Structure formats: structure tokens, C-alpha cells
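What follows is a short report on a single structure.
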Amino acid sequence: MRIKDVLVANGRFLFRWRSVLPLLLLPVPALSLRETAQLDAMMGESLETLWAWACLVVSLVGLGIRCYTIGYTPRGTSGRGTRHLRADCLNTTGIYSIVRNPLYLGNAIIALGLVLAIKVWWLAAIVALAGWLYLERIVAAEEEFLAERFGAEYLRWVEHTPAFIPRLSLWRPPDLPFSWRTVLRREYHGLLVITASFFVIDAFTDLVFEGTPLHEWARSDYMWALLLLLSLVVAAVLRVIKKHPRDPR
């Protein structure tokens with residue numbers, strides 16, 4: 001079997017299980033939190049807090065890229081399904097005119113913010129390597145599917161549009177108007193994942209590895225719990241709205 005065929009086969013498998021496989025890496029960052037606690041002690045509370053908020057902003061930038069992409073995406077493309085690759089049409093305008101995989105770019109920036117928040121170099125190396133191998137194979141499978149589905153139109157787009165590093169000079173306005181309903185219906189999971197992750201990182205580092213008393217942690221770091229609570233409320237409301245869609249997209 002050709003190497004390309006192996007990559008595509010692996011990519012289809014990873015696409016099928018893409019919602020589950022990243023969870024297998026969770027023990028790795030958990031093991032790194034002891035070193036995070038040591039680094040926090042060296043940085044001091046003020047600098048550590050500032051760093052954490054900066055990392056949150058990085059992850060929110062990644063979520064913003066996802067939201068912008070989804071808001072201009074026509075129905076039947078860029079879905080969250082895992083069983084089958086699907087594309088009713090080829091997106092080549094808007095953000096897809098400057099980069100071919102904006103959703104994966106957004107995911108990578110979200111992960112970057114989380115890794116930076118943990119501050120452990122070997123974790124960053126593992127996540128970077130695993131992420132590259134993971135995306136390389138999934139993208140190979142998607143490109144094979146799109147090439148078969150759209151033929152010459154897809155090949156022309158691939159020829160001048162970069163895979164991951166945006167080229168702003170290629171910008172073309174999107175064909176569709178922006179849909180906030182589509183964004184809110186499809187991307188509230190991302191906000192919940194980000195706020196829950198930062199909450200867990202801070203809580204485990206302070207309570208488990210630094211031995212901070214619960215009442216002291218609650219008094220000094222209550223914002224992480226508040227952000228998580230707000231995200232849960234937003235997710236609950238949007239889940240109800242999702243069951244009563246009005247926007248055809």
C-alpha cells in the first residue's frame with residue numbers, strides 16, 4: 001500500500017473517532033501539573049495570574065477563528081459529524097480563501113493557549129507532535145474525499161491556498177451573510193471546553209499540588225469558577241435554542 005493510502009486510511013479512522021481519541025492524552029497534562037505548581041511558585045501570584053489570563057485570551061482567539069468560520073459556512077459543510085466525510089459544496093470564499101483548514105487552525109490555537117497555561121516544555125513537545133500527526137492524517141483523508149467530490153475545482157483552490165498558514169493577500173469576501181444563530185448553535189461546546197479546562201488546570205494545580213486551602217483558593221481564584229458557571233448557563237440555554245432552529249443554516 002502506498003504511503004499516501006496509509007495516511008488516508010489512518011485519517012478516516014481518526015476522523016471517525018476524533019471526538020474520543022484526544023481524551024486518551026488527558027493523563028499526560030495531568031501528570032505535568034506538578035511541574036506547573038513549581039513554576040507558579042517561581043513566577044509569583046501576580047505574574048502567574050497575568051500569564052493565565054493571557055493564555056485564556058490565546059484560546060479565545062482560536063475559538064473566535066472557529067466562530068468566524070462557522071458563521072459564514074453554508075449548510076452541509078464543516079459539520080461536527082464523525083461517521084462520514086461530508087461536503088455539499090466547496091467553500092472557497094471568506095476565510096477559506098486565505099487558508100484551507102481554518103477550523104483546525106482554530107483548534108490548534110485553542111490547544112496552544114491550554115498548553116501555554118500549563119507551562120511545561122515537554123508537554124508542549126508531545127502535544128505539538130501528536131497534533132501534527134493527527135491533523136496530517138485527517139487532512140489527508142479530507143483532501144482525498146474533496147478531490148474526488150469536486151475534481152478540478154478543488155485542485156485549483158488547493159494550488160494557491162495554503163493549508164494552515166493564512167495568506168491574507170488572497171482574501172475574497174464570503175458569499176453568505178454571517179449567521180450568529182449558526183455560531184451559537186454549533187460552537188457553545190468550545191467555550192465550555194475552554195473554561196472547564198482552565199478551571200481544572202488552576203484548581204488541580206493550586207488545591208492538589210500546591211496545597212492551597214479551599215477557602216483561600218475560592219477567594220483568590222473565584223473568576224475561573226465564575227467563568228465556568230457562566231459557560232454552563234450559556235451552554236444550557238443554547239442547547240434549548242438548538243432544539244428550535246429558525247435559521248435554515
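State the Cα centre-to-centre distance between the range 1-70 and the range 139-191 in whole Å. The two parts, judged by their Cα centres, are 22 Å apart. Per residue, the accessible area of the chain comes to 58 Å² when a 1.4 Å probe rolls over the protein heavy atoms. So what is the relative contact order for the chain, in percent, with contacts set as C-alpha pairs under 8 Å and at least six apart? Result for the chain is 29 percent.
A Cβ-based charge dipole, computed about the Cα centre of the chain with Lys and Arg at +1 and Asp and Glu at -1, lands at about 1300 debye. Histogrammed with a bin width of 5 Å, the alpha carbon distances of the range 111-249 distribute as 2, 7, 10, 11, 14, 15, 15, 12, 7, 4, 2, 1, 0 percent, first bin at zero.
Dipole of the chain computed with +1 at Lys/Arg Cβ and -1 at Asp/Glu Cβ about the Cα centre; of Leu207, Leu31, Tyr104, farthest Cα towards the positive end is Tyr104. The heavy atoms of Glu136 present about 70 square angstrom of accessible area, all protein chains included, probe 1.4 Å. The helix-only estimate of mean residue ellipticity at 222 nm for the chain, built from DSSP H runs of length n ≥ 4 each weighted as -39500 (n - 2.57), is -22500 deg cm²/dmol after division by the residue total. Translational diffusion coefficient of the range 84-187 (Stokes-Einstein, Kirkwood radius from Cα pairs, 37 °C, 0.692 mPa s): 211 µm²/s.
Note on the range 126-176: dipole from Cβ charges, positive end direction compared against Ile126, Ile165, Val139; the farthest Cα belongs to Ile165. Note on the chain: with neighbouring protein chains present and a 1.4 Å probe, carbon and sulfur make up 68 percent of its accessible heavy-atom surface.
Here the chain is described by how far its Cα atoms reach on the three principal axes: 62, 47, 35 Å, from widest to narrowest.
The values are calculated or read from the model by the stated rules, or taken from the named source; none is laboratory data. All figures in this text were calculated on a predicted structure; none of them were measured in a lab. All Cβ positions, glycine included, derive from the backbone under ideal geometry; neighbour counts span all protein chains shown. SASA here: full protein model, heavy atoms, side chains in, ligands and nucleic acids out. Shrake-Rupley method; radii C 1.70, N 1.55, O 1.52, S 1.80 Å.
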